[in-house]
Amino acid sequence: MQELIELLKPYDFLGPEELKIIQEASKFQHLKIEDHLFKAGDYFYYMSFILKGALRLYEISSEGEERTIYIATEGSGLGSMETMLRHEKSRRFCQAVEDCTLLLLDTRIMRAKEKQYPLLIQMKAMDMEKILFNLSERLSFFALRSPEERFMVLQENYPELLNRIPQKYLASYIGVSTVSFSRIKARIQQKKQSKSGS
């Protein structure tokens with residue numbers, strides 16, 4: 001219950017009745033590293049909030065390669081947008097890259113109560129804003145930056161990921177092979193050492 005209270009702090013406009021509905025719609029789930037929360041082809045109606053650990057969203061290309069499109073850690077939320085918004089099968093896979101503790105919110109229960117409790121719609125709108133912002137950032141990440149610049153953004157904004165997430169997933173996330181990722185990393189470290197030595 002304490003974890004739920006912490007997660008709901010940004011939604012301080014919710015009243016006791018809305019909080020009760022959210023509590024009824026919530027459950028905890030634990031995943032071991034490499035377990036899947038959902039797979040492509042699943043109907044997954046839960047918004048998942050990470051209390052501990054890290055998840056990745058990935059797709060499989062027509063060549064059969066896994067492509068990591070999103071990495072989420074503590075405090076982040078994710079789910080199958082196809083299922084939650086359109087009642088369609090998920091097109092992506094969601095996998096634990098660390099042991100995870102998650103709080104799952106059943107969006108079917110939430111949707112059924114929206115007309116009676118409009119503040120739940122406001123909560124959903126806030127969540128959608130975050131998702132759209134993240135999507136916009138992700139598009140800019142690829143469209144406007146070279147692989148080396150993407151690595152630098154990762155290093156500057158999310159340095160903890162470099163220590164926590166396996167290199168093969170980070171390489172896929174910035175759109176390069178693991179070999180290229182290692183080269184970029186080494187090149188940037190050399191530049192830093194040259195600057196500090198001069």
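Every read-out reported here was derived from the displayed coordinates using simple, explicitly stated rules and does not represent laboratory data. Just so it is clear, the structure is predicted and the values come from calculations on it, not from any experiment. Neighbour counts are summed over all protein chains in view; Cβ atoms, including those assigned to glycine, are modelled from backbone coordinates with ideal geometry.
With the alpha-carbon atoms of the chain aligned to their principal axes, the span from lowest to highest coordinate is 64, 40, 32 Å, starting with the largest. Around the Cα centre of the chain, unit charges on the Cβ atoms of Lys, Arg, Asp and Glu (plus for the first two, minus for the last two) sum to a dipole of about 600 debye.
Mean projection of the Cα convex hull over all viewing directions, computed for the range 1-112: 7.2 nm². Quick one: net charge around Glu3, please, counting Lys, Arg +1 and Asp, Glu -1 for every other residue with C-beta under 14 Å from its C-beta. Once all neighbours under 14 Å are counted, the net charge is +1. For the range 138-198, the relative contact order works out to 27 percent when only alpha carbon pairs closer than 8 Å and six or more residues apart are counted. Put a plus charge on the Cβ of each Lys and Arg, a minus charge on the Cβ of each Asp and Glu, and nothing anywhere else: the dipole of the range 115-165 about its Cα centre is then about 300 debye. Sequence-ordered 3J(HN,Hα) estimates for the range 108-123 from the Karplus curve with 6.51, -1.76 and 1.60 and θ = phi - 60° stand at 5, 5, 4, 5, 5, 9, 4, 5, 6, 10, x, 5, 5, 5, 4, 4 Hz, glycine and proline given as x.
For the pair Glu137 and Arg187, label points projected 7 Å from Cα toward Cβ lie 2.5 nm apart.
Fully extending the segment from Tyr158 to Phe28, taken as 0.36 nm per residue of separation minus the present Cα-Cα distance, adds 44.2 nm.
Across the range 145-198, Cα-Cα distances exceeding 13 Å account for 59% of all pairs.
Rank Tyr58, Tyr169, Tyr11 by mean-square fluctuation in a GNM of the chain with C-alpha springs under 10 angstrom and give only the top-ranked residue. For the chain, modelled as a Gaussian network with Cα springs under 10 Å, the answer is Tyr11. Considering only alpha-carbon pairs that sit under 8 angstrom and 6 or more positions apart, the relative contact order computed for the chain is 23 percent. Of the peptides 32-44, 96-108, 133-145, 171-183, the ranking by mean beta-carbon count within 10 Å, highest at the top, reads 96-108, 171-183, 32-44, 133-145.
When only the Cβ of Lys, Arg, Asp and Glu is charged (+1, +1, -1, -1), the dipole of the range 145-198 relative to its Cα centre reaches about 160 debye. Using 0.36 nm per residue and subtracting the Cα-Cα separation, the extra length available between Arg86 and Glu149 on full extension is 19.2 nm. The residue list Ile109, Leu19, Ala143 was ranked by how far each Cα lies along the charge dipole of the chain toward its positive end, using unit charges on Cβ atoms, and Ala143 comes out on top.
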